[in-house]
1. Give a residue-ordered list of calculated ³J(HN,Hα) values for the stretch 93-103 (Karplus: 6.51 cos²θ - 1.76 cosθ + 1.60, θ = phi - 60°; whole Hz; x for Gly, Pro).
2. Just how large is the dipole of the chain about the Cα centre, in debye to the nearest 20, putting +1 at every Lys and Arg Cβ and -1 at every Asp and Glu Cβ?
3. Under the Karplus relation 6.51 cos²θ - 1.76 cosθ + 1.60, θ = phi - 60°, what is the ordered set of whole-Hz ³J(HN,Hα) values for the stretch 51-63, x standing for Gly and Pro?
4. Principal axis extents for the chain, Cα atoms only, whole Å, descending order, please.
5. To the nearest 0.05, how large is the calculated FRET efficiency for Leu73 and Phe43 if R₀ is 35 Å and r is the Cβ-Cβ distance?
6. ³J(HN,Hα) across the stretch 169-176 via Karplus (A = 6.51, B = -1.76, C = 1.60, θ = phi - 60°), whole Hz, x for Gly/Pro?
7. 222 nm [θ] for the chain, helices only, -39500 (n - 2.57) per DSSP H run of 4+, per residue, to 500?
8. For the stretch 40-168, what is Rg from Cα atoms divided by 2.2 N^0.38 Å, rounded to two decimals?
Amino acid sequence: MVTATATRPGGGDVAAPPPTTPDHRPAVPRTFYLFLIPTLVLFTLSITLPAIMGITLSFTDSVGFGEFSFTGLTNYVALFADPAVRSSYLFTIGFALVTVVLVNVIAFLLAVGLTARIRAKVALRAVFVLPMVISGIVIAYVFNFLFSNSVPQLGQALGVAALEQSLLADPDLAWVTIVIVTAWQAIPSALLIYIAGILSIPGEVYEAAAMDGASARRRLLSITLPLVSGYVVINLVIGFKNFLNAYDIIVGLTNGGPGTATRSVAMTIFSGFTGGDYAYQMANATIFFLIAVVLAVVQLRLTRGRSALS
């Protein structure tokens, strides 16, 4: 490969600067586009095109196949008047709010403990991360057995009436089991982010605070928490967005029951695809997609320029 060179005023050769575009940005080699084009084609065929077709069909009376006719905003108007759809949104948003708070509180406290001067902290970190690598549906079926068999037996042995019956069959408490299982799987990912944030804090800051007589609680509230606030915001936004898409754990635990007490938006949409309400639930999916886009934009704005992650 031949490299263009230039001559210094004092003698000697130096490499010529790389070519640039008229606006002085580095020119992109054509080879990069050759690798990019197949990805763009696959993304367009598998994501963009189906999304456009789905949004278009949301304005029709299509059942997923055969002929259809355009109905305008009929599906969208019906969605806002549908109590089943409203119930699924209320459950999903409430579940996401409770779970994201629980996950972040526990993950932050665990991160503080696992970055302290304790024995076997590396091994403990590995143990706490294990739930993250297990399939959600597998976790759900395991906990389904526990809540349906082991917990009632334990409740009978201890004489606790509230636990003698399966929590999964209680319309008022079934959501609690979903929060517990979802949090159990989601805590490790938030934990890793908090550990990275805490380890990025210079040790000199804690040493100076200790020399000034600050207690461990004071250092936690006045140093650790403010300096990892960027990580807290990112975990909250990402967690809330992910919990809105809850599906596999709910299917494995309650399948949306008892009745429709724990049916999420994702379950409602998928059930419509196979139940003859294709266009109607496609309109529901379009609204849900817009909510996800808004959250993604918020996430990008919050994460862009965060000094904590630079």
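1. Listing the rounded values in order: 5, x, 4, 5, 5, 5, 5, 5, 5, 4, 4 Hz.
2. Working: 16 positive and 13 negative charges, 233 e Å.
In total the dipole reaches around 1120 debye.
3. After applying 6.51 cos²θ - 1.76 cosθ + 1.60, I find 5, 5, 5, x, 4, 5, 5, 5, 9, 10, 10, 4, 9 Hz.
4. Ordered largest first, the chain gives principal extents of 89, 70, 32 Å.
5. Numbers: r = 29 Å, r/R0 = 0.84.
Efficiency, from the Cβ-Cβ distance: 0.75.
6. These are the phi-based 3J(HN,Hα) values: 9, 9, x, 8, 10, 4, 5, 5 Hz.
7. On the way: 14 runs with 186 residues, N = 310.
Counting only the DSSP helices, I get -19000 deg cm²/dmol.
8. Numbers: Rg = 23.5 Å, N = 129, 2.2 N^0.38 = 13.9 Å.
Against the compact-globule rule of thumb, the ratio is 1.68.
Readers should treat all values here as calculations from the given coordinates under stated rules, not as data from a laboratory. The structure presented is a predicted model; accordingly, all values stated were derived computationally and were not measured. Positions of Cβ are backbone-derived with ideal geometry, glycine not excepted, and every protein chain shown enters the neighbour counts.
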